[in-house]
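Asker: Supplied in structure tokens, the structure appears directly below.
Every read-out reported here was derived from the displayed coordinates using simple, explicitly stated rules and does not represent laboratory data. Since we're looking at a predicted model, the values are computed, not measured. FYI the Cβ positions are ideal-geometry reconstructions off the backbone, even for glycines, and counts take in every protein chain you see.
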Amino acid sequence: MGRRIEGFDLKVVVITGASAGIGLAATYKFIAKGFRVINLSRRQCPNQDVMSIATDLSNPAFFEEIGAELLTHVQGADAIHLIHNASRYLNDSALTTTDESLTSVFQTNVVAPNTLNRHLVPSMKSGSSIIVVGSTLAEKAVSGCFSYVTSKHAQVGLMRSLCQDLAGTGIHTLMVCPGFTDTEMLRSHVPDDAMDGVAAMSAFGRLIEPEEIAETIVWATENPVVNGSVIHANLGQIEQ
Ligand SMILES: NC(=O)c1ccc[n+]([C@@H]2O[C@H](COP(=O)([O-])OP(=O)(O)OC[C@H]3O[C@@H](n4cnc5c(N)ncnc54)[C@H](OP(=O)(O)O)[C@@H]3O)[C@@H](O)[C@H]2O)c1
């Protein structure tokens, strides 16, 4: 794990959901740039250079359990980049989803990011950032994933409000919206025989590699000029 060396900046990345997929791909890029990387997820991050703090973001009390440890590891950092990447995806409908189920998806996708923002922003110096990993479904809807679409739209509001309320701090925020990316999340919701059809929905006729989104996330942390923006990273999705 990256440590403070006399005379060098301590740069920290806190990323949710780095045990797999896009989050895991991002850890390799941040480690290569000399960051201390802290993963928050239920499983360990397979990247041995990453510190994992086990937590379930669907638990409303998650921060009470891990907050003290997390704050210890970001203390004194010259820059902190907070990446809200973990999300819950259910196949559900606007006509039948219970309030309890919607609340539970919001806890992971919207409330947990708010909890982390509230507790980490006081430790964040100018040059830090908060990046939200959204989705194409943050700005449009398809049928059959009501709570995901609703929570991804809410993440846009969270990010835009954050931008306004962070004015003057030197901390920037934005949303990176991946298209169809080859990860567990996609493969657990799309049958193998439908994958070619999904790939054909990009103008490049292929799925996105998690590393491509990871590169976009790193770029997002480095470019405050895009503060408040929603950046689509989907290879040019073909609209149906
Ligand atoms: N893949 C796509 O096609 C696609 C498209 C658009 C947007 N996205 C967005 O990209 C982001 C990353 O998705 P991915 O495709 O990389 O998914 P993934 O491979 O399934 O990884 C999801 C990560 O989120 C973590 N996570 C899920 N629920 C959690 C919980 N309750 N508490 C803590 N961590 C939790 C998982 O860790 P544990 O299981 O270890 O807890 C895992 O590390 C998500 O925000 C997703 O909405 C993905």
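Asker: At q = 0.07 Å⁻¹, what log₁₀ I(q)/I(0) does a Debye calculation on the Cα points of the chain give, no solvent, two decimals?
Answerer: Treating every Cα as an identical point scatterer, log10 I(q)/I(0) equals -0.22.
Asker: Within the range 53-95, find all residues whose amide N lies under 18 Å from a label point positioned 7 Å from the Cα of residue 184 along Cα-to-beta-carbon.
Answerer: Those under the cut-off are 53-59, 84-91.
Asker: What residues from the range 12-33 fall in the zone where the backbone N is under 20 Å from a label point 7 Å along the Cα-to-C-beta line of residue 125?
Answerer: 12-15, 31, 33
Asker: Shifting gears a bit: At what distance in angstrom do the alpha carbon centres of the range 52-73 and the range 110-156 lie from each other?
Answerer: The two parts, judged by their Cα centres, are 18 Å apart.
Asker: Which of the trypsin sites (Lys or Arg not before Pro) found in the range 74-168 are loop residues per DSSP with 15 or fewer other Cβ atoms within 10 Å of their Cβ?
Answerer: 125, 140
Asker: In addition: Quote to one decimal, in nm, the extra length available between residue 204 and residue 54 on full extension: 0.36 nm per residue of separation minus the C-alpha distance between them.
Answerer: Net length gain for the segment: 50.3 nm.
Asker: Summing +1 for each Lys or Arg and -1 for each Asp or Glu, what net charge is found among the other residues whose Cβ lies under 14 Å from the Cβ of residue 219?
Answerer: Its environment carries a net charge of -2.
Asker: Mean residue ellipticity at 222 nm from the helices of the chain, using -39,500 (n - 2.57) per DSSP H segment of n ≥ 4 over the full residue count, to the nearest 500 deg cm²/dmol?
Answerer: -11000 deg cm²/dmol
Asker: For the chain, which span is the longest to avoid every loop-located (per DSSP) member of chymotrypsin sites (Phe, Trp or Tyr not before Pro) having at most 14 other Cβ atoms inside 10 Å?
Answerer: After excluding every exposed loop site, the longest remaining stretch is 9-203.
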